[in-house]
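Step one of this worksheet: look at the structure below.
The values are calculated or read from the model by the stated rules, or taken from the named source; none is laboratory data. Please read these numbers as outputs of a predicted model, since none were measured by experiment. Positions of Cβ are backbone-derived with ideal geometry, glycine not excepted, and every protein chain shown enters the neighbour counts. Side chains are part of the model used for accessible areas, which takes the heavy atoms of the whole protein and leaves out ligands, DNA and RNA. Shrake-Rupley method; radii C 1.70, N 1.55, O 1.52, S 1.80 Å.
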Amino acid sequence: MSNNMAKIADARKTVEQLKLEVNIERMMVSKAAAELMAYCEAHAKEDPLVTPVPSSENPFREKKLFCEIL
Amino acid sequence: MACQGLQKGETLESLKRESETLKKKLEEERNKLNDVELHQVAEKVEVLSALSIKTRRVLKGHGNKVLCMDWCKDKRRMVSSSQDGKVIVWDAFTLNKEHGVPLPCTWVLACAYAPLRSLCLIMNGYLGLDNKCSVIPLSLDKNENLAAKKKSVAMHTNYVSGCSFTNSDMQLLTSSGDGTCALWDVESGQLLQSFHGHTADVLSLDLAPSETGNTFVSGGCDMKANVWDMRSGQNIQSFESHESDINCVKYYPSGDAFASASDDATCRFYDLRADREVAVYQKDSIIFGASTCDFSLSGRLLFAGYNDYTINVWDVLKGTRATILFGHENRVSRVRVSPDGTALGSASWDSTLRVSWSFSTGSNYIFRFIKLLFWVNSRLVLEFTVAF
């Protein structure tokens, strides 16, 4: 009996959860996609993996004395 | 007795039917807004110029599979944990090892760097005895016995798969094989909130970027990715489109979307406001599972590590593969972009870590050469003037 009640409790929780998920506010994909694109474009220049920085400014490359001059 | 807890006319079957109806309704509501595909909108975006990201440093020192790595907020230190039972802190610029912390347990599954210089480790015993998450405050004193200062913070009833400090460093979020996630107070070790909803092991979690509020996303063996409210414990949104275990979830930098990497050999991209999957990153030639993923700073690139030893770099907007990184000699267990976005760190079962970054193109060399000529010229003029 208690096993059945546990299943019922679970099923009811699932139904409640689904009701919440169905009722959330949503945005059109076209609008959401446009905003994702806008974010990428706005930050592309600051992204060193998309817009490479010159080696002299890259903190990872080995610092040699000759390069220090440059 | 049998009807206790039931409302009028409700049976297990009727609840299940209601469940199915609601699932269909959810699908319909989501489809209503699917007016266009992301890659179609992204046709307007410039194609990425040929990426010159290459692996440039190899960090050797672990004796066995490296299971996890993370970057420190100072943008140059990395921490890694390995099946050899050691946790090593590396200086990624000089490749020096700063600390080596030996631990009593070989199953150190994950580690994360806290914003304020302490370290979090997950240790799981063979018999599930540990299942704990410990925090170690890191100091610069190399002689300090760090292992002795570790403090247990979190405890689950099965292995702990992932951990993350919240932005303040005072709380720790964990995901577990027991199917739940939990939020802990670091100082007292007290459980603050638990998150129930997954129906199988939770393998990964990621916190929303600080600006977007108190939510996090988790992914697991039930093939679902769930978004949670940290304060109420409520499951806000759920996405079920993967065809196998989700190994890793990661938020897009703006916090409006997240990506997931799965054993079904795909990575997928979900927009939270449109409440649906908006891209699938896959190729017929990619048949091995993806175990890890991370975004570049602008969110344009998604780096994903696979069980075929490669790292595929995806153009998030256009849905195509931008480039592929070779070098690891076994599965890639973790990829992480450094905090300032300059480099990609990757950890592998081949017991090494690698650091990759982008190389600027040739035109810079010409300018630098001209600058050098001017400098040499000015120095010669100075020498002659002094001599006379």
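Applying the criterion of being part of a strand (DSSP E or B) and away from every other protein chain (no Cβ under 14 Å) to the residues of region B:313-328, the residue that is surrounded by the most Cβ atoms within 10 Å (Cβ to Cβ) is B:Arg321.
Among the residues of region B:267-288, those identified as over 15 Å from B:Ile246 (Cβ atoms) and more than 14 Å from chain A (Cβ to nearest Cβ) are B:Lys283, B:Asp284, B:Ser285, B:Ile286, B:Ile287, B:Phe288.
Residue under question is B:Asp284, and the condition is that it be without any contact (Cβ under 8 Å) to a residue 12 or more places away in the chain and open to solvent by 20 Å² or more (accessible area, probe 1.4 Å); does it hold? So B:Asp284 passes the test.
In region B:80-97, the residues that are at positive phi form Cβ pairs under 8 Å with partners that are surrounded by 21 or more Cβ atoms within 10 Å (Cβ to Cβ), at six or more places apart or across chains, as follows: B:Gly85/B:Val108; B:Leu95/B:Leu59. For region A:42-52, the candidate set comprises residues that are open to solvent by 40 Å² or more (accessible area, probe 1.4 Å) and within 7 Å of chain B (Cβ to nearest Cβ); within that set, the residue that is farthest from B:Val41 (Cα to Cα) is A:Pro52. Before we move on, is B:Ser333 buried (at least 23 other Cβ atoms within 10 Å of the Cβ), in contact (Cβ under 8 Å) with a residue 60 or more places away in the chain and either closer than 25 Å to B:Val41 by Cβ or not β-branched (Val, Ile, Thr) (or both)? Criteria met by B:Ser333. Annotation: of all residues in region B:259-269 being under 21 Å from B:Arg30 (Cα atoms) and in contact with a Ser or Thr (Cβ under 7 Å, 6 or more places away or on another chain), the one that is most open to solvent (accessible area, probe 1.4 Å) is B:Arg268. Contact map, region B:22-33: residues that are open to solvent by less than 40 Å² (accessible area, probe 1.4 Å) paired with residues that are of a type in the set (D, E, K, R), Cβ distance under 6 Å, separation 6+ or inter-chain. Pairs shown: B:Leu26/A:Glu21; B:Arg30/B:Asp275; B:Arg30/B:Arg276; B:Leu33/A:Arg26. Among the candidates B:Lys44, B:Lys65, the residue that is open to solvent by 40 Å² or more (accessible area, probe 1.4 Å) and in contact with a helix residue (DSSP H, G or I) (Cβ under 9 Å, 6 or more places away or on another chain) is uniquely B:Lys44. Of all residues in region B:59-74, exactly one satisfies the criterion of being within 14 Å of another protein chain (Cβ to nearest Cβ), in a strand (DSSP E or B) and under 14 Å from B:Arg336 (Cα atoms), namely B:Trp71. Which is in a loop (DSSP other than H, G, I, E, B) and either within 11 Å of chain A (Cβ to nearest Cβ) or under 18 Å from the mean Cα position of the chain (by Cα) (or both), of B:Ser291, B:Ser298? Just a single option satisfies the conditions, and that option is B:Ser298. A count restricted to region B:11-54 and to residues that are part of a helix (DSSP H, G or I) and among the hydrophobic types (A, V, I, L, M, F, W, C) stands at 7. The residues of region B:168-184 that are out of contact with any Asp or Glu (no Cβ under 8 Å at 6 or more places or on another chain) and over 28 Å from B:Asp222 (Cβ atoms), listed by number, are B:Ser168, B:Asp169. Picking from B:Arg56, B:Arg77, which residue would you name as being surrounded by 17 or more Cβ atoms within 10 Å (Cβ to Cβ), modelled with pLDDT under 90, within 30 Å of B:Ala322 (Cβ to Cβ) and more than 8 Å from chain A (Cβ to nearest Cβ)? Being surrounded by 17 or more Cβ atoms within 10 Å (Cβ to Cβ), modelled with pLDDT under 90, within 30 Å of B:Ala322 (Cβ to Cβ) and more than 8 Å from chain A (Cβ to nearest Cβ) holds for just one of B:Arg56, B:Arg77, which is B:Arg77.
Filtering region A:22-38 to residues that are surrounded by fewer than 19 Cβ atoms within 10 Å (Cβ to Cβ) and assigned to a helix (DSSP H, G or I) leaves A:Val22, A:Ser30, A:Lys31, A:Ala34, A:Glu35, A:Ala38. Specify which of the listed residues (B:Gly213, B:Gly177, B:Gly197) is in contact with a Phe, Trp or Tyr (Cβ under 6 Å, 6 or more places away or on another chain) and of a type outside the set (Lys, Arg). Answer to the check: B:Gly177.
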